[in-house]
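Reading through the C-alpha cells given below for one structure.
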Amino acid sequence: MFILVVNAGSSSLKYQLFDMDNEQVLAKGICERIGIDGRITHTRLADGVQYRAELAMPTHNEATRAMIDAILDKKHGVLTDMGQISAIGHRVVQGGPWLTKPTLVTDEAIEALERCVDLAPLHTIPHLQGIKGCKSVMPDTPMVLVIDTSFHSTIPEYASTFPIDINVARKHNIKRYGAHGTSHRYVTQECLKYLNKPAEETKIITCHLGNGSSISAVKGGKVVDTSMGFTPLDGIIMGSRCGGIDPAVVPYVMQKEGISVDEIGNWMNKNCGILGVSGVSSDLRDIHKAIDEGNKDAALAYGILVYQIKKFIGAYTAAMNGVDAVVFTAGIGENDEHVRFDSLEGLDYLGIKVDAEKNRMAKKLPAPADISADGSRVRVFVIPTDEELVIARDTLALVK
Ligand code: ADP
C-alpha cells in the first residue's frame with residue numbers, strides 16, 4: 001500500500017511517498033517558490049536518482065501536479081499510475097480545540113481546519129491550499145489530517161490554562177496547544193520500546209531541539225505538559241524566537257521603540273532568541289564558532305539555552321514525580337553533543353548521568369543511542385525524529 005505524505009507551507013510543498021508494506025520511503029521531494037515562479041527537487045531513494053526542474057507554480061495546484069508527474073515519470077518516477085496511491089496524509093500544525101486526532105478529510109474537517117486559521121494563519125492557510133491542490137489532482141484519493149497539536153490534547157486543564165480572565169480565554173480559544181506533537185509522539189513511541197516497563201508506568205521527557213524547540217513531559221505515554229504554548233513562541237530560547245518572557249516586556253518594548261503589533265510579533269519571532277542575544281546567528285554551529293573566537297554574547301546565548309533546558313527537565317521531573325528517560329531529537333538534539341552534555345550536567349541528584357564518550361559518539365551508535373552512564377537511574381537517548389512516518393502510519397490506520 002502506498003501512502004503519500006504532504007507538508008504544505010506558504011511557498012513550499014514537501015512530500016514523501018511510503019511503501020507501507022515495509023515502511024520504506026520510495027521517493028521524496030520539495031516544490032519551492034510557489035506563487036513566485038516554481039522549482040521542484042525530487043529524489044528516488046532506491047538509486048538516488050534526482051530530478052530538478054523550474055516549473056511555473058502560481059498556486060499549490062500546479063505544485064501538486066508537478067509532484068504527481070515526478071512520482072509517475074518514466075525516468076525518475078516510482079509508480080506507474082496515480083491510482084496506486086491509497087491515501088494522502090497531510091501534516092497540520094494547529095488543530096485548535098476542534099481537531100484533536102487524525103481526521104479523514106471531509107467537508108466538516110475542512111470547516112474545522114478553517115476555524116484554525118485565526119489561531120495559526122501562517123501554517124493553516126498553506127495547509128488548506130495544499131489540500132485543495134491534492135483534491136484538484138486526485139479528487140478520489142482519501143486524505144487524512146494528522147495534527148501536531150493532537151498529542152498535547154491530553155494536557156490537564158491546570159497545565160494548559162493560562163491564568164488570564166477565563167471568559168476572554170474561552171471566547172478566543174486561548175490555551176496551551178503546544179507544538180511538534182508528531183515528533184514528540186514518534187520519539188516517545190521509540191523510547192517506550194527500550195524501557196523495560198509497561199507504558200502506563202513510564203515517565204519520559206522529550207526534548208525536540210531544532211530551530212524551533214519544545215520540551216514535553218510524557219507520563220504513561222500521554223503528554224501532561226509541554227513548553228510551547230498558544231503559539232510556538234513560548235518555552236525555551238530558540239534560533240530567533242524569544243521563548244517565554246515576562247509578558248510586560250511586550251507593551252514596554254512597543255512603547256519605547258514605537259513599534260506596532262505586527263512589528264513586535266515579527267521582532268519576537270525573528271530578531272530574538274539565540275540570534276538576538278548573540279548578535280551572531282540563529283544556528284548553533286555558528287554560535288560554537290563564535291564562542292571559540294571569544295564572543296561573550298554568543299557564550300551568553302548558549303548559556304541561556306542549556307540553563308533553560310535544565311530548568312524544564314527539573315520542572316517536568318517534579319510534575320511527573322520522577323523521570324525514567326530523557327530523549328533528545330531534531331537538529332540540535334541529534335547533532336549537538338555540547339548541548340546534551342551541558343544541559344544534563346549537575347542533574348545527578350535526579351539520577352541523570354551522561355557517559356561523555358557515548359554522548360560524543362551518539363551519531364555513530366545504532367539508533368536509539370543510549371548515552372546514559374553505567375549506573376544512571378535515568379536513561380538518556382538520542383533518537384532521530386521521523387514525523388513523516390508517523391503521518392503515514394496514522395493515515396494508513398484511518399483509511400484501512
Ligand atoms: P527546524 O526547527 O527548522 O525543523 P531542525 O530541527 O532542522 O530545524 O534544526 C536546525 C538547527 O539545528 C540549526 O539551526 C542548528 O542550530 C542545529 N544544528 C543542525 N546541525 C547541527 C550540528 N551538526 N551541530 C550543532 N547544531 C546543529
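Read the figures in this text as sums done on the coordinates, not as results from a lab. Just so we're clear, the structure is a prediction, and the values are computed from it rather than from any experiment. Here Cβ is always computed from backbone atoms with ideal geometry, including for glycine, and neighbour counts include all displayed protein chains.
Which members of segment 335-349 meet the condition of being within 16 Å of the ligand (Cβ to nearest atom) and in a helix (DSSP H, G or I)? If the condition is that a residue be within 16 Å of the ligand (Cβ to nearest atom) and in a helix (DSSP H, G or I), then 335, 337, 338, 339, 340, 341, 342, 343 are the ones that fit.
Criterion applied to 313, 332 was being assigned to a helix (DSSP H, G or I) and either in contact with a His (Cβ under 8 Å, 6 or more places away or on another chain) or within 16 Å of the ligand (Cβ to nearest atom) (or both), and the one residue passing it is 332. Looking at segment 180-190, is at least one residue in a loop (DSSP other than H, G, I, E, B), free of Cβ contacts under 8 Å to residues at least 40 places away in the same chain and in contact with a Pro (Cβ under 9 Å, 6 or more places away or on another chain)? Scanning segment 180-190 turns up no residue that is in a loop (DSSP other than H, G, I, E, B), free of Cβ contacts under 8 Å to residues at least 40 places away in the same chain and in contact with a Pro (Cβ under 9 Å, 6 or more places away or on another chain). The single condition from (1) within 16 Å of the ligand (Cβ to nearest atom); (2) more than 24 Å from the chain's Cα centre (by Cα); (3) more than 21 Å from residue 309 (Cβ to Cβ) that residue 357 fails is (1). Summed over segment 46-65, residues that are assigned to a loop (DSSP other than H, G, I, E, B) and of a type in the set (S, T, N, Q) total 1.
Take the residues of segment 275-310 that are of a type in the set (Lys, Arg) and within 15 Å of the ligand (Cβ to nearest atom): which is surrounded by the most Cβ atoms within 10 Å (Cβ to Cβ)?
Applying the first criterion (of a type in the set (Lys, Arg)) to segment 275-310 yields 285, 289, 296, 310.
Narrowing further to those that are within 15 Å of the ligand (Cβ to nearest atom): 285, 289.
Values: 285: 12, 289: 14.
It comes out as 289.
Of all residues in segment 334-357, those satisfying the criterion of being more than 14 Å from residue 313 (Cα to Cα) and in contact with a Leu (Cβ under 7 Å, 6 or more places away or on another chain) are 336, 354. When each of 368, 384 is tested for being within 16 Å of the ligand (Cβ to nearest atom), in contact with a Pro (Cβ under 9 Å, 6 or more places away or on another chain), under 26 Å from residue 181 (Cα atoms) and of a type outside the set (Val, Ile, Thr), the lone residue that passes is 384.
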